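Report on the following structure.
The values are calculated or read from the model by the stated rules, or taken from the named source; none is laboratory data. Everything numeric in this text was worked out from a predicted model, so none of it was measured. Here the Cβ is made from the backbone with ideal geometry for all residues, glycine too, and neighbour counts use every protein chain on show. What goes into the accessible areas is simple: the full protein's heavy atoms, side chains included, and nothing from ligands, DNA or RNA. Shrake-Rupley method; radii C 1.70, N 1.55, O 1.52, S 1.80 Å.
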Amino acid sequence: MGAFDQLRIAGSSLGMHQTWLDSLSHNIANANTATSTDEDAFQARMVVARSRPDGGVDVADIELGSAEGRLVHAPEHPLADEDGYVRLPDMDMASQMSQMVMAQRGFQASVQVTKNAQDSYNAALQIGRG
């Protein structure tokens with residue numbers, strides 16, 4: 001595999017991981033977003049990735065979580081219904097944080113591959129000058 005192939009694959013990976021990180025940060029920022037019981041809950045974004053025939057990766061889709069959410073008894077909340085319930089997103093923060101770590105590591109690995117390919121190019125240019 002040549003350095004151009006490495007850059008192309010790493011570049012596609014950087015884009016996919018950036019989209020994944022953006023979606024996760026949006027989910028985490030809205031984890032405690034309450035709505036009234038007659039409205040939909042915040043829907044978590046889930047990135048669906050797919051491999052490309054050339055070895056890269058693309059974002060195939062961004063799926064949304066359940067709009068039903070979960071009902072939480074919070075009678076002091078200004079959006080609470082007459083029974084004291086509000087609707088919160090139905091997402092697991094532990095899962096979101098675990099995915100955040102995976103997405104960060106994938107992004108960092110792609111950055112390192114890009115740096116290594118650039119270093120290889122620079123070394124090849126130096127050989128030609130010698």
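Quick notes on this one:
- All C-alpha pair distances within region 31-130, sorted into 5 Å bins from zero, spread as 2, 11, 12, 13, 12, 10, 9, 8, 6, 5, 4, 3, 2, 2, 1, 0, 0 percent across the bins.
- Contact order, relative form, for the chain: 31 percent (alpha carbon pairs under 8 Å, 6 or more residues apart, mean separation divided by residue count).
- Charge sum, other residues only, whose C-beta stays under 14 Å from LEU21's C-beta, Lys/Arg counted +1 and Asp/Glu -1: +1
- Among ARG45, ARG87, ARG70: highest mean-square fluctuation, GNM of the chain, C-alpha pairs under 10 Å: ARG70
- Electrostatic dipole magnitude of region 10-130 [Cβ: Lys, Arg +1; Asp, Glu -1; Cα centre; debye, to 20]: 1160 debye
- Mean accessible surface per residue for region 23-104, computed with a 1.4 Å probe while every protein chain stays in place, in Å²: 60 Å²
- Carbon and sulfur %, accessible surface of region 41-130 computed with the full protein complex present, 1.4 Å: 53 percent
- Around GLN43: net Lys/Arg minus Asp/Glu count, Cβ-Cβ under 10 Å: -3
- For region 3-83, the Kirkwood hydrodynamic radius comes to 15.1 Å, computed from all pairs of different C-alpha atoms.
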